[in-house]
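The values are calculated or read from the model by the stated rules, or taken from the named source; none is laboratory data. Nothing here was measured: the structure is a model prediction, and the numbers come from that model. Here the Cβ positions follow ideal geometry from the backbone for every residue, glycine too, while neighbour counts run over all protein chains shown.
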Amino acid sequence: MAMPFVGVGQNCSNQITVSYYDANGTLTSQSINNGQSGTSVSICPTAGAVYSFDASSTSDGTLTWARVITKSAVNPAQDVVQVLATGVFVAPQTLRLNTSFSTATQFRVSSDPNKCGGNKIGYAYLTFTPALTLTSNAPVTGVCSGGAVTLTASGSSSYTWSANGTLIPNQTSATLTVSPTVTTTYTVSGTTSCGTSSQQITVLVKDVTISPSAPVICAGQTTRLTASYGGSSATYIWSIKGQASPLSASASVDVSPTTTTTYQVVANTADCATIIKEVTVTVGAPTVSVTPGTATICAGSSTTLRAISNNPNATFSWSPATGLSATSGATVTASPTVNTTYTVTATTPCGTVSASVPVTVTTTATFAVDPTASTTCSGSSATFTASSNISNATYAWYRTANLGTIISTAPTLTVAPTTTTSYRVITTTSCGNNSRDVTVTVNPLPTINVTPSSATIKRGESVILTASGASTYTWSPSTGLNTTSGATVVASPTTTTTYFVIGATSTTPACSNSTQVTITVTQPLPVQLLAFAARRTGSKALLTWTTASELNSAFFAVERSKNGVDFAPLAQVPAAGTSAQTIAYAFTDLAPLKELAYYRLRQVDRDGTSTYSPLAALAAPPAADWLLATDAPQQFLIQAPLDAASRLTVLDLLGRPLFSQALSPEQPQVTLPNLPTGVYLFRLTTQHARLTVRQALSAAY
């Protein structure tokens, strides 16, 4: 990431000096004369971090820091900029800019010297490009509630994502698709050439808001409720919750409930369909409180007191007047010289109520940080809160390794370092300054492995999954698991399922990580067919078949063909449904073909799916009472009148002859050659007929 400096100006001694802290906390200064350019340096912006830049000039005059929106290619004076800081200084006084940025940003510092005369403004440009970037395809106007948004990060090989500070588990890729229902800030962290850094982006969700959000009124009073939509346009219908009668068809409605009542507005939007919101109007007595509830100041300093009432029509008066900037109004400044208790009185249409706040004047400032140390898991956050007895104390948080860069000015600091990191907070009061160092100890996340990493089983089978890398484990989903805890589980899913396992360490706090394993489930055949045969019984044909098991079987459709290709349905035989036992079936064809025929079964499942059986051949009726027994692969027994012209031929399914031998009444037996396992055609030819049988042989024959 380079930060080039480019100076542009006139022929006047107006040298600009820019000082900054780089990613390692090292102070660097660059001096740039008019018409000259500074060298390039590297810096690594981090989401939310505040960076400090100082600018000074050799000439008295006006210094200005600005963010460049559009840079002119012709004249810097024509740049479109957003002024961030400006002031008139006497050389070599400096103008400091404290700012944060998370995307590629260009800043401009300009010096307008008053001793050069005329237009002698000098310019220097500072361009920052983070190593880690984060973009969104969400329009700047926002998305509808639940709308899909794709976030894309670059600059690292692995990422950690969070939403509003909460870690999003199992997300390590550069792309994250989210569907927020409320405006959400997403943070991505990764390791880059700058080390570990992070970036943030806020996805605006177009929503309906009601003002006031929680109104309180007196009995008999009227309050106006106003709905507004963050999208393009909307129409509104107001009603009391649970009642059908509308109160108003505009954005606002005036209501005067006698008891606490909840109102509902239905907003029909032009771009996000219908949105329903509710607001409760509370009818009750007035209240008043003071923020802060107590205050401690140093001698000679002041504190701001603010009165708050639940009644929007309240007016306030303060006493005693000593040390107060005013005795009326919601906000006053108190500068007492001795300990003083101030009282504020709120006057409302519902009555009058008072509250008090003690202001203590001291010469000693106390300071504390809670907690003094924290232990977290990588990717998780830790929160520290600094406090002082001085009400107007200010705070500045730093990384101890980079004390030149302020990362927060709030009393509370929330951080999520990936390695053990120390921080320092400095508090400033009129009674003096204090500082404390705190350390976040980061425990690494466990690496979770599952053995096997994937598996393929048949429906009804199981697989043992064993996780390692952590102390305790939680599995999900529970479907098909014998338990959801423990390192080892037995998975018996009925469909292909991806299981997630979260492993946690025994450290305090416990650190967890997750992985996944996919079990692919193949579907076994709904029917396991053991045998299927066809034979003639007189003028009929008997089909028999046997199943070893059935699963959700509905029926068998019996089909017949003359050529083994074109089949016609004959009948349906009901099936057993689901069974693990051997079941025998039979069907009689009352009018079989007078020639060679083929039969097959179409097994139909209850879900409508079906599978076909192998073919069963029915021999043509012999001219002289032939009898064919098909006990292959052991043997063929053919009983028929043979003559001198008898011959047995073995063919493959393409009709190619493989073996042929003559038969006679004196030599009726044939020894087959060593044929490989397969299906063959056996053709017996005599003077009176020809019989062809389709039969399977195995190597055992």
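Observations on the model:
- Taking the conditions (1) in a strand (DSSP E or B); (2) at pLDDT 85 or above; (3) not aliphatic (A, V, I, L, M) in turn, THR196 satisfies each one other than (2).
- For the stretch 659-669, the criterion of being surrounded by 13 or more Cβ atoms within 10 Å (Cβ to Cβ) and touching a Pro at 6+ places or on another chain (Cβ under 6 Å) is met by at least one residue.
- Yes/no for THR152 being surrounded by 13 or more Cβ atoms within 10 Å (Cβ to Cβ), farther than 30 Å from ALA267 by Cα and in contact (Cβ under 8 Å) with a residue 60 or more places away in the chain: no
- Residues (buried (at least 17 other Cβ atoms within 10 Å of the Cβ), touching a residue at least 24 places away in the same chain (Cβ under 8 Å) and of a type in the set (A, V, I, L, M, F, W, C)) located in the stretch 465-508: LEU465, ALA467, ALA470, TRP475, VAL489, ALA491, VAL501, ILE502, ALA504
- Residue in the stretch 44-56 that is touching an Asp or Glu at 6+ places or on another chain (Cβ under 8 Å), assigned to a strand (DSSP E or B), at pLDDT below 80 and of a type outside the set (Phe, Trp, Tyr) present: no
- For the stretch 521-528, the condition of being under 30 Å from THR447 (Cβ atoms) and either surrounded by 18 or more Cβ atoms within 10 Å (Cβ to Cβ) or not acidic (Asp, Glu) (or both) holds for at least one residue.
- Across the stretch 380-399, the number of residues qualifying as part of a strand (DSSP E or B) and over 20 Å from THR418 (Cα atoms) comes to 7.
- Every test in (1) within 23 Å of GLN171 (Cβ to Cβ); (2) outside the structural domain of VAL517 (by TED's automatic domain parsing) is passed by LEU465 save one, and that test is (2).
- When the criteria are applied in full, CYS272 fails the requirement of being assigned by TED's automatic domain parsing to the domain that holds THR345, in contact with a Cys (Cβ under 7 Å, 6 or more places away or on another chain) and touching a residue at least 12 places away in the same chain (Cβ under 8 Å).
- For the stretch 298-345, the set of residues classified as touching a Pro at 6+ places or on another chain (Cβ under 8 Å), part of a loop (DSSP other than H, G, I, E, B) and over 19 Å from ALA285 (Cβ atoms) consists of THR322, GLY323, ASN339, listed by residue number.
- Residue that is modelled with the highest pLDDT [pool: residues in the stretch 258-300 that are within 30 Å of VAL143 (Cβ to Cβ) and small (Gly, Ala, Ser)]: ALA267
- For the stretch 414-460, a residue qualifies if it is free of Cβ contacts under 8 Å to residues at least 40 places away in the same chain and farther than 30 Å from ALA299 by Cα, and the qualifying residues are VAL415, THR420, THR421, SER422, TYR423, THR451.
- Residue within the stretch 137-146 that is of a type in the set (Ser, Thr, Tyr) and either at pLDDT below 75 or over 25 Å from LEU204 (Cα atoms) (or both) present: no
Here is a yes/no grid of residues against (1) within 21 Å of GLU461 (Cβ to Cβ); (2) among the hydroxyl-bearing types (Ser, Thr, Tyr); (3) part of a strand (DSSP E or B); (4) touching a residue at least 24 places away in the same chain (Cβ under 8 Å):
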residue	(1), (2), (3), (4)
LEU542	no, no, yes, yes
THR546	no, yes, yes, yes
GLU559	no, no, yes, yes
ASN563	no, no, no, yes
ALA576	no, no, no, yes
PHE587	no, no, yes, yes
ASP607	yes, no, no, yes
THR611	yes, yes, yes, yes
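- Which numbered condition GLY503 fails, given (1) modelled with pLDDT under 95; (2) more than 30 Å from PRO417 (Cα to Cα): (2)
- Any pair with Cβ under 6 angstrom, 6 or more apart, that starts in the stretch 660-671 at a residue that is in the same structural domain as THR686 (by TED's automatic domain parsing) and within 16 Å of THR692 (Cβ to Cβ) and ends at one that is part of a loop (DSSP other than H, G, I, E, B) and not β-branched (Val, Ile, Thr): LEU663/LEU642; LEU663/SER646
- For the stretch 231-249, the candidate set comprises residues that are surrounded by 12 or more Cβ atoms within 10 Å (Cβ to Cβ) and either in contact (Cβ under 8 Å) with a residue 60 or more places away in the chain or polar (S, T, N, Q) (or both); within that set, the residue that is farthest from THR280 (Cα to Cα) is GLY231.
- Residues being small (Gly, Ala, Ser) and either crowded, with 22+ Cβ neighbours inside 10 Å or more than 23 Å from CYS431 (Cα to Cα) (or both) - total across the stretch 292-313: 3
- Only one of the listed residues (PHE384, PHE367) is at pLDDT 95 or above and under 30 Å from ASN443 (Cβ atoms). That residue is PHE384.
A quick yes/no check of all residues on (1) β-branched (Val, Ile, Thr); (2) out of contact with any Gly (no Cβ under 7 Å at 6 or more places or on another chain):
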position	(1), (2)
PRO444	no, yes
ASN449	no, no
SER453	no, yes
LYS458	no, yes
GLU461	no, yes
THR466	yes, yes
TYR473	no, no
SER476	no, yes
LEU481	no, yes
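- The stretch 267-290, subset among the hydroxyl-bearing types (Ser, Thr, Tyr) and out of contact with any Pro (no Cβ under 8 Å at 6 or more places or on another chain), residue nearest to ARG306 (Cα to Cα): SER289
- Cβ-Cβ under 7 Å pairs, at least 6 apart or on other chains, the stretch 283-295 side closer than 16 Å to PHE316 by Cβ, far side loosely packed, with under 14 Cβ neighbours inside 10 Å and modelled with pLDDT under 90: PRO286/GLY351
- Scanning the stretch 276-291 for residues that are under 30 Å from PHE367 (Cβ atoms) and among the hydroxyl-bearing types (Ser, Thr, Tyr), we see that the one that is surrounded by the fewest Cβ atoms within 10 Å (Cβ to Cβ) is THR291.
- Neighbours by Cβ (under 6 Å, 6+ apart or cross-chain): first from the stretch 167-181, within 15 Å of GLY146 (Cα to Cα) and aliphatic (A, V, I, L, M); second at pLDDT 85 or above and part of a strand (DSSP E or B): LEU176/LEU151; LEU176/TRP161; VAL178/VAL149
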